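Structure, as structure tokens:
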Amino acid sequence: MKMPNSRKNDGGVSHERNPLAARNPFEEFRTYADQPSHLPLEQIVQSSELVMNQIRQGYEKLLEEEAKELVWMVQYNTIIKAYEVAEKHVREIQYSAEDIEDFCFALENAQKVPYLIPGPAGLYISALCNDAPEEEITLKLSELKTEINLLGFRLPKGRRLIIEGDAGDFTGIGLEGGELVVEGNAKNWTGAGMRSGKVLVKKNIGLHTGEWMMGGEIHVGGRIRGLGNIVEGKVFEREKLVYPGKTKYPNAYY
Amino acid sequence: MAAAAVLPFKQLESYFLSHFLTNKDGTKIVKRKAYQKQVAEIYQYISEHLYYNRPDMEIKGERFNSAILFSLLTGLQKGKELIIGEPGLGKTTSAEFVCSLLYQFPLGVIWGSEVSGHPEQTEEKIIGRPDLGKLNQGTEDVVWTNFTQVPAKIVDEINRLPETKQSMILDGVDRGNWEYLNEMIINDEYCLFATANYQDGGTNTIIAPLTDRFDVMVESRHPGPNLSFLIGKENHKTDGLRHPRYEKELHRLLNSKMSYEKKVPKVEEICNQFGDYVHESIGVKPLQRNDRDQIRAEMRDLPMDLDGSAFTRMLLAEFSFCDRYGQKRSVETCDEGCHYTGYFCHQIRNCASNRLPTSIKLYAQGLAWLLEDSEIGIEHVKTIIPYTLAHRVQWKEEVLPQKERMKRDDPFPIFLAKEAVKVVSQRYREQSDHVKDALASASKIFQGETLEPLEGDHPLYAEIKKDIDARRN
């Protein structure tokens, strides 16, 4: 059966009404290629700005939901809830490790991020790290004026997070098999509640180290100010095993 | 959002309070346009007072319970929904509440028009029977059941109907045409809810043609011990949706000898009166016929964006394509040596029917409308697809054991469909520009330009080529 066809033999675009045009199953894509093309560099800049905006918006939403009136108390429930919210927002964004570092610096720029609350910020960065496509992430935070808390929260197995600079309180809490390296100092409650994995602090560490930790290892290159109530796991100070060991009481100086 | 973020938080809070309706579980429902607001209020009322549940899905920052959301979309879009779940977890009741509030029928009428699946079920009980009085006088007339006449239809425990008897309702389920003797009534507006228990001694398999006719499948889940505990405490929660007088009037009208076409406007009249009563008594305004028509018109106007369209095509290609046999057929197995072993066509036995894209569009439109979006995007499509796909896919035997023991919240078929959507999404993310380029150049070739179709590894490129070859020849 011969079908009516207005397609011209010269290969040019037919200007006559094509009787089959109504059946073009790709009709809606007709104008797709006509969209303006951008130079690759422009695209890269635009897309990284877009990603940064998305990351910032996710953080702002987290504050709106979890830190109303800019107050956020560190409690088991608030941490879990805030992390869940952070994770939810983070999953909607496609970003790289570089974007996380950019975000850390944007945190100190009031024009870019209006509020820096170290707790939720740390949880949000942790969620970004735990969900990032890269398995090893380095955050260069040595220039940062604020020490961010809760970095490395729930870092999963197979991931390595390196923090260049100092970390705040609650670093590496709830670690789930990952490896957290702090090139500088870490403050109190480091590795609290961690289940497995390794925390390596190259310089000194604060009080309550490893409080309620259930497994894994904490290695400290400098001095430990005090240990917490440890359930299970190992703590090393300058390569010497200090828990399990003679120390029985939390925060005892030995 | 950026403007809102710089507001002091006190102001932000009052902003939220004024702009959001908040559910019992803390989820927020954004302030809506008139009809969206009305539907959101119905959702909220069912969720808070009638069908206790937990939200189990999220889209664009809003959390919903899938059973209520899909039931509402089914009612609004004249769809067909299969609700699965353990006995006593609200499969039937959730559908009853939605039907009552969307179609303004008192619960008594909904109950009276339900069909229950059991082995002794007959065509006479489901569809209609001869008018015996007239038959004695030598004339044939049909007395139609309430089930065929009421627009909101519920088939309870459909998988207790023997396979041979499931065929009786195929046509009615599909087109709304109900035939008995030589007579037929056609439902201009209808939606169908069917419930199915998990397999036990008394259940049968739902035959593939019937399964395929359902647009979506959802699970009615356990609400958790705490909400479940509340259910026993509130015995009169359904009182607001009962009205003995209207129920009696509607029963009398539905059983009268008047022709179906004449009955419909009269039924609507009583339903409107019942709707006013519900509005006064519980504060929620059910939808009238005009409202439903207007909502459908608004939904129909929503276009699908290019990503939504390209993603759906990509998924359809994987679920219908076979390099060796041209297309998937449930009687043919493409075992080893296929070039496309990495795609879903290699993991499934059957072919996606033409009803699948229809269901996807229908429900994605409904969802986009409800969220007040101006077009259907890839997010809407990705949210909808697992529920439209789960009951339609027949996975190869060897695929199931690999995933059966994986940790999950969803029933196995929905879990598998969600996993499949994730995998196709990943593929789409990697090559979305190339896919759209391929579709765009195909469009140009269709318009007569001399171009070569773009190459790619995904089955969609092969399918595009087939369309172009068919056009050229």
> Residues of segment B:59-78 being in contact with a helix residue (DSSP H, G or I) (Cβ under 7 Å, 6 or more places away or on another chain) and surrounded by fewer than 21 Cβ atoms within 10 Å (Cβ to Cβ), which ones?
Replying inline: B:ILE59, B:LYS60
>> Residue pairs, Cβ under 8 Å, 6 or more apart or interchain, first in segment A:145-168 and under 20 Å from A:TYR76 (Cβ atoms), second outside any loop (DSSP other than H, G, I, E, B) and among the charged types (D, E, K, R). List them.
In response: A:ARG154/A:GLU176; A:LEU155/A:GLU176; A:LEU155/A:GLU179; A:PRO156/A:GLU176
>> The conditions are (1) within 23 Å of B:LEU306 (Cα to Cα); (2) modelled with pLDDT of 80 or more; (3) surrounded by 12 or more Cβ atoms within 10 Å (Cβ to Cβ), and A:THR31 fails exactly one of them. Which is it?
In response: (3)
> Restricting attention to segment B:237-258, which residues are closer than 17 Å to B:ASN272 by Cβ and of a type in the set (Ser, Thr, Tyr)?
Replying inline: B:TYR246
> Can you spot a residue in segment B:85-99 that is more than 20 Å from the chain's Cα centre (by Cα) and assigned by TED's automatic domain parsing to the domain that holds B:ASP239?
Replying inline: yes
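Look at A:ARG91 and say whether it is away from every other protein chain (no Cβ under 14 Å), over 10 Å from the mean Cα position of the chain (by Cα) and either on the phi < 0 side of the Ramachandran plot or touching a residue at least 24 places away in the same chain (Cβ under 8 Å) (or both).
For A:ARG91, the condition - away from every other protein chain (no Cβ under 14 Å), over 10 Å from the mean Cα position of the chain (by Cα) and either on the phi < 0 side of the Ramachandran plot or touching a residue at least 24 places away in the same chain (Cβ under 8 Å) (or both) - is not met.
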> Can B:ALA352 be described as under 13 Å from B:ALA420 (Cβ atoms) and either within 19 Å of the chain's Cα centre (by Cα) or not aliphatic (A, V, I, L, M) (or both)?
Replying inline: yes
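Filter segment B:296-320 down to the residues that are assigned to a helix (DSSP H, G or I) and within 12 Å of another protein chain (Cβ to nearest Cβ) and list them by number. Explain how you work it out, then say what you get.
Quick first cut of segment B:296-320, residues assigned to a helix (DSSP H, G or I) only: B:296-300, B:306-318.
Selection gives B:LEU306, B:ASP307, B:GLY308, B:SER309, B:ALA310, B:THR312, B:ARG313, B:LEU316.
Please report, ordered by residue number, the strands (runs of 3 or more DSSP E) entirely within segment B:40-113 with at least 3 residues that are of a type outside the set (D, E, K, R). If you could, list the steps in order and put the result at the bottom.
On the way: elements: B:57-59, B:62-64, B:80-85.
Here the list reads B:80-85.
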>> Can you say whether B:TYR277 is among the aromatic types (Phe, Trp, Tyr), under 24 Å from B:GLU41 (Cβ atoms) and free of Cβ contacts under 8 Å to residues at least 60 places away in the same chain, as far as the supplied structure shows?
In response: yes
> Among the helices (runs of 4 or more DSSP H) confined wholly to segment B:384-473, which include 3 or more residues that are closer than 25 Å to B:ALA368 by Cβ?
Replying inline: B:412-446
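Take the residues in segment B:264-291 that are touching an Asp or Glu at 6+ places or on another chain (Cβ under 7 Å) and in a helix (DSSP H, G or I); name whichever of them is nearest to the other protein chains (Cβ to nearest Cβ).
Of all residues in segment B:264-291, those touching an Asp or Glu at 6+ places or on another chain (Cβ under 7 Å) come to B:270, B:284, B:289.
Then drop every residue that is not in a helix (DSSP H, G or I), which leaves B:270, B:289.
Details: B:ILE270: 44, B:ARG289: 32 Å.
Checking each candidate, the answer is B:ARG289.
Criterion first (assigned to a helix (DSSP H, G or I), more than 10 Å from chain A (Cβ to nearest Cβ) and in contact with a strand residue (DSSP E or B) (Cβ under 6 Å, 6 or more places away or on another chain)) does B:ALA364 satisfy it? Walk me through how you get there before you give the answer.
Numbers: assigned to a helix (DSSP H, G or I): yes; more than 10 Å from chain A (Cβ to nearest Cβ): yes; in contact with a strand residue (DSSP E or B) (Cβ under 6 Å, 6 or more places away or on another chain): yes.
Yes, satisfied.
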> Could you count how many residues in segment A:113-140 are in contact (Cβ under 8 Å) with a residue 60 or more places away in the chain and over 12 Å from the mean Cα position of the chain (by Cα)?
Replying inline: 0
>> Would you confirm whether or not segment B:178-201 contains a residue that is in a helix (DSSP H, G or I), over 30 Å from B:ASP276 (Cβ atoms) and over 18 Å from the mean Cα position of the chain (by Cα)?
In response: no
> So is A:GLU49 within 14 Å of chain B (Cβ to nearest Cβ) and modelled with pLDDT of 85 or more or not?
Replying inline: no
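So how many residues does segment B:422-473 have that are facing another protein chain (nearest Cβ under 8 Å) and either of a type in the set (S, T, N, Q) or in contact with a Cys (Cβ under 6 Å, 6 or more places away or on another chain) (or both)?
We begin by selecting, within segment B:422-473, every residue facing another protein chain (nearest Cβ under 8 Å); these are B:429, B:436-437, B:439-444, B:446-450, B:464, B:467, B:471.
Keeping just the survivors that are either of a type in the set (S, T, N, Q) or in contact with a Cys (Cβ under 6 Å, 6 or more places away or on another chain) (or both) gives B:441, B:443, B:447, B:450.
Final tally of qualifying residues: 4.
Does at least one position in segment A:99-110 carry a residue that is within 11 Å of chain B (Cβ to nearest Cβ) and farther than 28 Å from A:LYS198 by Cβ? Explain how you work it out, then say what you get.
Looking only at segment A:99-110, we keep the residues that are within 11 Å of chain B (Cβ to nearest Cβ), and these are A:110.
Keeping just the survivors that are farther than 28 Å from A:LYS198 by Cβ gives A:110.
Yes.
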> How do the pairs read when you match residues in segment B:60-80 that are more than 16 Å from B:ILE154 (Cβ to Cβ) with residues anywhere that are at pLDDT 95 or above and not in a helix (DSSP H, G or I), using Cβ under 6 Å and keeping only pairs 6 or more apart or on different chains?
Replying inline: B:SER66/B:VAL218
> Just wondering, is there one or more residues in segment A:211-233 that are without any contact (Cβ under 8 Å) to a residue 60 or more places away in the chain, touching an Asp or Glu at 6+ places or on another chain (Cβ under 9 Å) and closer than 19 Å to A:ILE80 by Cβ?
Replying inline: yes
> B:LEU356: in contact with a His (Cβ under 6 Å, 6 or more places away or on another chain) and buried (at least 21 other Cβ atoms within 10 Å of the Cβ), yes or no?
Replying inline: no
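Across segment B:321-361, what is the total count of residues that are part of a helix (DSSP H, G or I) and modelled with pLDDT under 95? Let's see the steps before the verdict.
Filtering segment B:321-361 for residues part of a helix (DSSP H, G or I) gives B:344-346, B:355-361.
Cutting the leftovers down to modelled with pLDDT under 95 gives us B:344-346.
Of the residues in segment B:321-361, 3 are part of a helix (DSSP H, G or I) and modelled with pLDDT under 95.
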> Just checking, how many residues over segment B:126-166 are touching a residue at least 24 places away in the same chain (Cβ under 8 Å), out of contact with any strand residue (DSSP E or B) (no Cβ under 9 Å at 6 or more places or on another chain) and in a helix (DSSP H, G or I)?
Replying inline: 4
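The values are calculated or read from the model by the stated rules, or taken from the named source; none is laboratory data. Predicted, not measured: the structure shown is a model, and the values here were computed from it. FYI the Cβ positions are ideal-geometry reconstructions off the backbone, even for glycines, and counts take in every protein chain you see.
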